[in-house]
Amino acid sequence: MKKALLFLLLTLFFAYNNEFPADNGWNNLNKILNNIKPPKFRDKSYLITSFGAVSDGITDCTFAFREAIDKCSKEGGGKVIVPEGTFLTGAIHLKNSVNLYVSKGAIVKFSTDPSKYLPVVYTRFEGVECMNYSPLIYAYEQKNIAVTGEGLLDGQGSMENWWKWKASDGELSQTPARNKLVEMGENNIPVQDRVFGKGSFLRPVFFQPYKCKNILVEGVTFKNSSMWFLNPVLCKNVTFNKVATDGIGPNNDGCDPESCTDVLIKGCSFNNGDDCIAIKSGRNNDGRRVNVPSSNIIIQDCIMKEGHGGVVIGSEVSGNVRNVFAENCVMSSPNLDRALRFKTNSERGGIIENVYARNIQVGEVKEAIILIDYYYDTGDKGKFTPVMRNFYFNNISSKKSKYALNLKAYERSPVKNFQIENCSFNNVKNPNVIENIEITKCNNVKVDGKLIEIKNK
């Protein structure tokens, strides 16, 4: 109780004693971009077929991938090449200075046999650290790693395998293990003792570098992930360039940076069963224990199709999120729920601050163009009041939605410094919902062609 009270007092102190950044916070963009530099690799190639890989889509090539990556890394790094053809594998673990290059015409199919992702590794499941199945592509405490090329990485997720663990209420359901893990996080059980894997049905994510530096993913397409697609955790200097994710399975988030610094997501395409991009920093007590924010996240020139949200922050933001920039993105689908989504609650807590979005073109979404939701999932049942402040929206247009703005914060913790300019929302079904939002600037905002003044309600 005392710890919760102290955390609340500190949060409120910083909330009300932090100067708002200047409106020209976009001037910081180039400074952040200059810190994000893709890794470079030695000019040396290692063909996986030279290590026994067979391109029939049936032969297990896990050993060949492992041997090629090990040799490449030990010799100083380079490019591990997947040539044209179809290759079946289990978990792939990247190592220092290795660029896994998936050639045009190459398909890497990942086994749906859970045993191929054992032994368990140090990972996160929905923002809580644990020992669980290896992600399909994984790296731990490595530097200078990449997945590049023009090929396809196919997780083969479907209701016949991984996805039914989420949907099932029977013996294959992830729910008991998920609840157990959340409880372990709340009770500070050591991570080494949070062992899941076989029999627990907690799905692994597709690509997860953990505590890594200097990461590049470029050009490749990821299809039908077991769970989230791209999930760097506690990483620094990360670039996703011209990457596509395509999968409408449960929790098929596109790109979820967690507790990462200096991340560029550029020219990517997302067609997902959940949020397209969701920035996170750990869940509840476990996120506060790790206490590493996501910061300096840049999203440019991306396309969002189906999903629960286009650019999203939350809900697992207990370690805080700051300095997020999104620009020149296109979002549209009758199956895209929201465009810009910010979600938390009083169990998650956390601070979300300094969020900038401009030049966002939205076609059709089901619900809101901009959503702020302090009542996500469990509502207001916790002891950790969230804080949001410094939101800047400029030149956002939409053609069809239920709401233009659906903004709901707590009375005791209103959103501070919400600014919106030069926006046009058309074919809007319902009036704006604005609760406990301190709007400090509203300039040239139109709903269905009418200039409006947005006030807190």
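Readers should treat all values here as calculations from the given coordinates under stated rules, not as data from a laboratory. Quick caveat: nothing in here was measured; it's all calculated off a predicted structure. Note that we place each Cβ from the backbone using ideal geometry, even for glycine, and neighbour counts take in every protein chain shown.
Some points to look at:
- Apart from one condition, G309 fits all of (1) over 15 Å from the mean Cα position of the chain (by Cα); (2) crowded, with 24+ Cβ neighbours inside 10 Å; the exception is (1).
- Selected residue (criterion: nearest to Q142 (Cα to Cα)) from residues of the range 46-58 that are outside any loop (DSSP other than H, G, I, E, B) and in contact with a Phe, Trp or Tyr (Cβ under 8 Å, 6 or more places away or on another chain): I48
- Residues in the range 103-136 that are more than 27 Å from P190 (Cβ to Cβ) and surrounded by 18 or more Cβ atoms within 10 Å (Cβ to Cβ): A106, I107, V108, K109, F110, S111.
- For the range 129-139, the condition holds for at least one residue, the condition being that it is within 24 Å of C255 (Cα to Cα), among the small types (G, A, S) and in contact with a helix residue (DSSP H, G or I) (Cβ under 6 Å, 6 or more places away or on another chain).
- Residue in the range 296-303 that is surrounded by 21 or more Cβ atoms within 10 Å (Cβ to Cβ), touching an Asp or Glu at 6+ places or on another chain (Cβ under 7 Å), part of a helix (DSSP H, G or I) and not basic (K, R) present: no
- Checked against (1) closer than 30 Å to K399 by Cβ; (2) out of contact with any helix residue (DSSP H, G or I) (no Cβ under 7 Å at 6 or more places or on another chain); (3) in contact (Cβ under 8 Å) with a residue 60 or more places away in the chain; (4) not β-branched (V, I, T), P386 passes all but condition (1).
- Contacts under 8 angstrom Cβ, first residue in the range 390-404 being under 16 Å from L336 (Cα atoms), partner of a type in the set (F, W, Y) and assigned to a strand (DSSP E or B), 6 or more apart: S397/F425; S398/F425; S401/F425; A404/F425
- Unique residue being at negative phi, within 22 Å of the chain's Cα centre (by Cα) and exposed (fewer than 14 other Cβ atoms within 10 Å of the Cβ) when the list is A146, A139, A167: A167
- Against the numbered list (1) assigned to a strand (DSSP E or B); (2) of a type in the set (D, E, K, R); (3) without any contact (Cβ under 8 Å) to a residue 60 or more places away in the chain, D253 comes up short only at (1).
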